[in-house]
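All remarks here apply to the structure that follows.
No lab work stands behind these numbers, since they all come straight from the coordinates. It should be emphasised that the depicted structure is a prediction, and the values quoted were computed from it without experimental measurement. Methodologically, a virtual Cβ is constructed for each residue, glycine included, from the backbone with ideal geometry; neighbour enumeration extends over all protein chains shown.
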């Protein structure tokens with residue numbers, strides 16, 4: 001059954017469910033993982049009224065005017081005095097606002113002479129400081145379960161004093177490359193052989209997606225060897241096969257899967273490259289049959305397998321990194337399929353140009369590219385300067 005790539009992604013997201021099991025790890029070990037518990041604020045944030053500027057803590061009602069400086073307040077210190085009428089205290093960014101003060105005037109707007117400071121402008125009460133609890137009140141939820149933990153969230157865990165955090169288990173992904181033409185990456189291929197690059201690129205993509213990859217030995221183009229590798233692959237949480245899913249005489253992956261009781265959700269998607277991609281389930285495990293050409297493998301992983309890993313990892317959503325940019329040149333393609341073509345996105349992200357390439361085996365072109373131009377299936381041509389969709393690499 002052939003689906004559009006949007007339909008195929010939705011099929012993956014609706015079929016795959018989280019693994020469910022979780023473990024306690026240290027915050028640094030949780031980076032990139034999916035949170036399995038809510039994180040509440042252990043106290044008010046900020047825990048005191050905090051100056052947002054270097055300047056002077058004052059009463060707004062006293063300015064404009066000249067004030068007496070009664071002391072200095074640094075971050076990490078307690079100031080024992082209160083600010084009374086006609087008084088000010090020099091204050092540093094991050095320091096606690098003293099009692100009696102209701103504003104901070106920036107040092108750039110003041111003139112100091114001895115223990116007097118002249119302020120020539122009016123201020124409103126509340127300017128240039130953060131009131132206690134404005135960021136979060138004690139007990140409020142700062143992070144919900146299902147959140148993938150980026151550096152900002154790791155910093156928040158440290159801020160709230162968490163030495164351990166509950167995260168969902170990382171999916172184990174088995175990678176089975178197929179084909180008699182393959183040799184391992186460290187071997188010298190004969191003229192009719194190629195090195196097994198797909199398994200390595202898939203493994204790198206799996207790591208980036210938050211999974212733990214395991215590259216299994218190459219499955220040769222015969223039923224017995226292919227079945228042995230696939231059965232071994234079903235010991236993992238997700239099986240990714242590379243090659244053997246087209247309609248050729250020796251493309252036997254689907255036959256082996258069918259004999260293992262597989263249910264196929266789709267076996268063709270209206271995209272290029274990567275049209276003969278397979279998604280299904282057997283022995284309670286999900287699998288993908290990714291096309292064997294390197295760019296097809298890269299594209300279909302990002303569109304479909306990454307979404308499955310997100311769901312297995314406990315993430316409720318799996319956003320596709322699509323944006324829009326203006327074409328740097330005229331572009332046309334044959335409509336009917338959504339095409340993902342190697343491209344160069346400008347440094348500021350505003351313009352995109354197709355990268356010269358020679359088909360879905362041209363891994364060097366993808367290495368030169370930093371994005372994929374996404375040509376819609378129902379449109380034939382674009383002019384330079386028109387918007388077009390872009391998928392980040």
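So the values come out like this:
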{"quantity": "Relative contact order of the chain, pairs being alpha-carbon contacts under 8 Å that are 6 or more residues apart, as %", "calculated": "17 percent"}
{"quantity": "MRE, 222 nm, helices only [DSSP H, n ≥ 4, -39500 (n - 2.57), over the chain, to nearest 500]", "calculated": "-5000 deg cm²/dmol"}
{"quantity": "Relative counts (whole %) of C-alpha pair distances in the stretch 179-273, using bins that are 5 Å wide", "calculated": "2, 11, 20, 23, 23, 15, 5, 1"}
{"quantity": "Linear extension gain, residue 180 paired with residue 323, 0.36 nm per residue minus alpha-carbon span", "calculated": "47.6 nm"}
{"quantity": "Label-point separation in nm, residue 17 to residue 344, each point 7 Å along Cα→Cβ", "calculated": "4.9 nm"}
{"quantity": "Residue 358 paired with residue 61, simple spin-label distance in nm, labels 7 Å along Cα-to-beta-carbon", "calculated": "8.2 nm"}
{"quantity": "Computed E for residue 37/residue 220 - FRET, C-beta separation, R0 41 angstrom, nearest 0.05", "calculated": "0.35"}
{"quantity": "Computed over the stretch 148-286: relative contact order in percent, which uses C-alpha pairs under 8 Å that are six or more apart", "calculated": "23 percent"}
{"quantity": "Top of 370, 115, 196 by mean-square fluctuation, Gaussian network on the chain, Cα under 10 Å", "calculated": "115"}
{"quantity": "Residues 303, 142, 392, 257, sorted so that the one with the fewest Cβ neighbours within 10 Å comes first", "calculated": "392, 142, 303, 257"}
{"quantity": "Sites residue 144 and residue 80, calculated FRET efficiency, Cβ-Cβ separation with R0 45 Å, nearest 0.05", "calculated": "0.65"}
{"quantity": "Efficiency of FRET between residue 6 and residue 159 - r from beta-carbon atoms, R0 35 angstrom, step 0.05", "calculated": "0.35"}
{"quantity": "Estimated distance in nm for a label pair at residue 122 and residue 389, the labels positioned 7 Å out from Cα along Cα-to-Cβ", "calculated": "5.4 nm"}
{"quantity": "Choice from 55, 243, 20 showing the highest fluctuation, given a GNM over the chain with Cα pairs closer than 10 Å", "calculated": "55"}
{"quantity": "Listed candidates [x] 18.6; [y] 20.8; [z] 26.1 - label of the one calculated as mean projected area of the Cα convex hull in nm²", "calculated": "[z]"}
